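The values are calculated or read from the model by the stated rules, or taken from the named source; none is laboratory data. Since we're looking at a predicted model, the values are computed, not measured. Cβ coordinates were reconstructed from backbone atoms using ideal geometry, including for glycine residues, and neighbour counts include every protein chain displayed. Ligands, DNA and RNA are excluded from the accessible area calculation, which covers all protein heavy atoms including side chains. Shrake-Rupley method; radii C 1.70, N 1.55, O 1.52, S 1.80 Å.
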Amino acid sequence: MYLPKLLFLLVVGVLGLWEVRKQITKSVFLFLLLAHLLLVILSTLNARDETAFDLLGPSQRFDGILYHLGLFALGAFAYLSLRGAPLHFRPVALALVVGCGVQAAIVVLQRLDLDPVTPLRLWQDFNTPLGTLGHPGMVAALLLPGILVALWHGFADPRPGYRLLWLGAALFSAAGLGITGNSAAFYALVATLIAMNLWWRKWLLFLLSALLVVGVLVPRTVLPDPRSFEQDSQSYQDTHTLQTRLVIWQIALRAIQETPLQPVLGGGSDALKLAQIRNPPFDLLAEQYALEFGWPRDARLQDAYIKTFPGEDIKIRDRWIAFNFERFGGQQNVTKEFGFAIDRAHNFVLDRWLAFGLLSTLIWLVLYLYPVYLSLRNNHWLGWVFVALMIYYLAWFPVMQVEPIHLVLLAAAWALLPRVAKVPPPTTPT
């Protein structure tokens, strides 16, 4: 599932970069991307992991050295192309919005149990609409910037008919976002729309923002639910996910303290799991598993230990964790075994810091914050996309399915915003 995407990313990035190689000059954006790539290599060597995991990353994510090489090539290609031809950003924006429309249509069909994609799936069934990206949170990470890009092109397009198309696309993507039920993306959208309205203070923007929020909230209530997805999903008021996140962040902070050569270097793309396996935080893992798997209230833990299964070639990832309970669900002396399933901190800063070190984390903060600064200084709209993504990433992490798209948007911002002259606030946002 992931290997073809990795190969596609590498081919597009490397071939694209080869086409624009003559344009490569000194650039802060390219320097930061290259510095991150070098830190990825160093942190991966520091992980003391198997070669396959170093190059490809964990099988669930494939975000090893080859992925970050493709990410660098794609980002550099997008940046150089858009810097050389700024008008190409409009097709990029259109492609993003069309892609969001396709994903929104698929999650609507999945909600209605009319999805033509589902019979083609080669893996297990699902209990929430997830588009073609494998997880509702990933679909939400695609729809979130698409909604904002469509909203602002709806303001900027001089043709009334096309304006309505852009705004209709934004509303339809908002409906798709609502069906995914992803809280991080929903709160990121709401917070960004509030900030935009405080900054621009235009009645039309306020009305459209309210319409988008309604567009997110209504579909899950109005649309039929023949597969009973709502029974397996959480409302936006549910605090269970936040509780699990808080425990995971504590696990990540402890792992950062124990990873060799921190804070400068990280421990590779699978650093969080390796840190748990090598030095398990039994107390925090028990708290996390109790929340995640719904341990009964009478569960009384006695002790915990690492368990390995017999075999000729025992590897570090073959370890499991076993919990001995004095009492569990009315039974006495029960043992429960779990794999080390927590592989991400679900927080952009913690994940980058743990995986690739503090320097890489600072690089990505600069990559995201500089376009925001330029946008606010020049009264431009593009920076709000990264405000939304940064809020989203407070409770999520970058993945192969959407991070390259976010990087293309970053490349566009770094290529285009320095050329934008400062202008007074417009009558209608442009």
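A single member of A286, A275 is in contact with a strand residue (DSSP E or B) (Cβ under 7 Å, 6 or more places away or on another chain), assigned to a helix (DSSP H, G or I) and not basic (K, R), and it is A286. Going through (1) crowded, with 21+ Cβ neighbours inside 10 Å; (2) among the hydroxyl-bearing types (S, T, Y); (3) without any contact (Cβ under 8 Å) to a residue 24 or more places away in the chain one by one, Y305 falls short only on (1). Scanning the stretch 54-64 for residues that are assigned to a helix (DSSP H, G or I) and surrounded by 19 or more Cβ atoms within 10 Å (Cβ to Cβ) returns D54, L56. Filtering the stretch 83-92 to residues that are open to solvent by less than 50 Å² (accessible area, probe 1.4 Å) and either over 19 Å from V149 (Cβ atoms) or part of a helix (DSSP H, G or I) (or both) leaves F89, V92. Checking L407, L365 one by one, the residue that is surrounded by fewer than 18 Cβ atoms within 10 Å (Cβ to Cβ) and within 24 Å of the chain's Cα centre (by Cα) is L365 and no other.
For every residue, the table says whether it meets (1) surrounded by fewer than 15 Cβ atoms within 10 Å (Cβ to Cβ); (2) touching a His at 6+ places or on another chain (Cβ under 8 Å); (3) of a type in the set (G, A, S); (4) under 26 Å from G357 (Cβ atoms).
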{"site": "L6", "(1), (2), (3), (4)": "no, no, no, yes"}
{"site": "S27", "(1), (2), (3), (4)": "no, no, yes, yes"}
{"site": "L32", "(1), (2), (3), (4)": "no, no, no, yes"}
{"site": "H36", "(1), (2), (3), (4)": "no, yes, no, yes"}
{"site": "R48", "(1), (2), (3), (4)": "yes, no, no, yes"}
{"site": "T51", "(1), (2), (3), (4)": "yes, no, no, yes"}
{"site": "H68", "(1), (2), (3), (4)": "no, yes, no, yes"}
{"site": "A73", "(1), (2), (3), (4)": "no, no, yes, yes"}
{"site": "S81", "(1), (2), (3), (4)": "no, yes, yes, no"}
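Against the conditions (1) charged (D, E, K, R); (2) closer than 22 Å to P145 by Cα; (3) surrounded by fewer than 21 Cβ atoms within 10 Å (Cβ to Cβ), D343 satisfies every one except (2). For the stretch 252-295, name all the residues that are surrounded by fewer than 16 Cβ atoms within 10 Å (Cβ to Cβ), of a type in the set (A, V, I, L, M) and under 24 Å from F62 (Cβ atoms). The answer is none; no residue qualifies. In summary, R245 fulfils each of the numbered conditions (1) under 16 Å from A175 (Cβ atoms); (2) among the basic types (K, R); (3) under 22 Å from the mean Cα position of the chain (by Cα) with the single exception of condition (1).
Among the residues of the stretch 371-402, those identified as in a helix (DSSP H, G or I), touching a residue at least 60 places away in the same chain (Cβ under 8 Å), open to solvent by less than 10 Å² (accessible area, probe 1.4 Å) and farther than 20 Å from L87 by Cβ are A388, L389, Y392.
Does A174 qualify as being surrounded by 19 or more Cβ atoms within 10 Å (Cβ to Cβ) and out of contact with any strand residue (DSSP E or B) (no Cβ under 7 Å at 6 or more places or on another chain)?
yes
Is at least one residue of the stretch 93-112 assigned to a helix (DSSP H, G or I), modelled with pLDDT of 85 or more and within 23 Å of W364 (Cβ to Cβ)? Working first, answer last.
Start the filter on the stretch 93-112 by keeping residues that are assigned to a helix (DSSP H, G or I), which leaves 93-111.
Remaining after also requiring modelled with pLDDT of 85 or more: 93-111.
From the residues that got through so far, the ones that are within 23 Å of W364 (Cβ to Cβ) too are 93, 96.
Yes - at least one qualifying residue is present in the stretch 93-112.
Among (1) surrounded by fewer than 20 Cβ atoms within 10 Å (Cβ to Cβ); (2) of a type in the set (K, R); (3) touching a helix residue (DSSP H, G or I) at 6+ places or on another chain (Cβ under 6 Å), there is one condition R352 misses while meeting the rest; what is its number? The one condition R352 does not meet is (1).
One residue alone among S235, S209 is out of contact with any strand residue (DSSP E or B) (no Cβ under 8 Å at 6 or more places or on another chain), more than 26 Å from T51 (Cβ to Cβ) and assigned to a helix (DSSP H, G or I), and that residue is S209.
In the set (1) open to solvent by 20 Å² or more (accessible area, probe 1.4 Å); (2) modelled with pLDDT of 90 or more, S43 fails one condition alone, (1). For G154, the conditions (1) at pLDDT 95 or above; (2) surrounded by 15 or more Cβ atoms within 10 Å (Cβ to Cβ) are fulfilled apart from (1).
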